[in-house]
Amino acid sequence: MSNVLEEVLAANANYVANFGDKGNLPMPPGRHFAILTCMDARLDPAKYAGLAEGDAHVIRNAGGRASDDAIRSLVISYKLLGTSEWFVIHHTDCGMETFNNEIMGNLLASSLKTATVDASGWHDHGDGTGCANGKFVQWLTISNLEQSVVEDVQRIRENPMVPAEIPIYGYIYDCKTGQLIEVPEATTAGLAA
């Protein structure tokens, strides 16, 4: 058993011992909102948004992007579980700003091993065969942080499955301070009708 697996299972045992009445939480989020944000390990939406278990839906992916799957989750969050406000929260120093579709496609074509990055860019050091499939994927990278928030809010707002009465807010989480910084153009694009 790996150290990580042992640590996770030990932490879970402690969590179970103190679980209390959390098994009685209802399925719909108690505060009726959802957050779409990045999977970056430095972000803790429960802390930066003051969430307790059962409060909100948190949808995470690389970059916090409004992918088809993220929109699918938001629509389920509203239609079946009653959320009525949504946040799109990207963050500073995001890894999605450090590469583009071509770089990722080339790295995967070279090998499937973990790449490294330095001041001159990304490098593949793996042995063996890679996979060309990565050259055909839209990786939803970020070239301008504020603009990516605006684009994602607009993409959600323009989706015909998204009701016009849901406000969608656009923010950037500052990894150096923990502050949520509004992107006014995104929030304007996400105004409820």
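Of the numbered criteria (1) open to solvent by less than 80 Å² (accessible area, probe 1.4 Å); (2) β-branched (Val, Ile, Thr); (3) more than 17 Å from the chain's Cα centre (by Cα), the one Val16 fails is (1).
Scanning the stretch 78-137 for residues that are of a type in the set (Phe, Trp, Tyr) and surrounded by 17 or more Cβ atoms within 10 Å (Cβ to Cβ), we see that the one that is nearest to the chain's Cα centre (by Cα) is Phe87. Residue check: Ala11 meets all listed conditions (1) within 15 Å of the chain's Cα centre (by Cα); (2) surrounded by 10 or more Cβ atoms within 10 Å (Cβ to Cβ) but one, namely (1).
For Arg31, indicate whether it is assigned to a strand (DSSP E or B) and in contact (Cβ under 8 Å) with a residue 12 or more places away in the chain. Spelling it out, it is not the case that Arg31 is assigned to a strand (DSSP E or B) and in contact (Cβ under 8 Å) with a residue 12 or more places away in the chain. Filtering the stretch 113-169 to residues that are touching a residue at least 24 places away in the same chain (Cβ under 8 Å) and of a type in the set (Asp, Glu) leaves Glu146, Glu151, Asp152, Glu165. Checking every residue in the stretch 23-32 against the condition of being open to solvent by less than 50 Å² (accessible area, probe 1.4 Å) and touching a Phe, Trp or Tyr at 6+ places or on another chain (Cβ under 9 Å) gives zero matches.
The values are calculated or read from the model by the stated rules, or taken from the named source; none is laboratory data. The structure displayed is predicted, hence computed values, not measured ones. Don't worry about glycine lacking a Cβ; one is built from the backbone with ideal geometry, like all the others, and counts go over all protein chains shown. Side chains included, ligands, DNA and RNA excluded: accessible areas come from the protein's heavy atoms. Shrake-Rupley method; radii C 1.70, N 1.55, O 1.52, S 1.80 Å.
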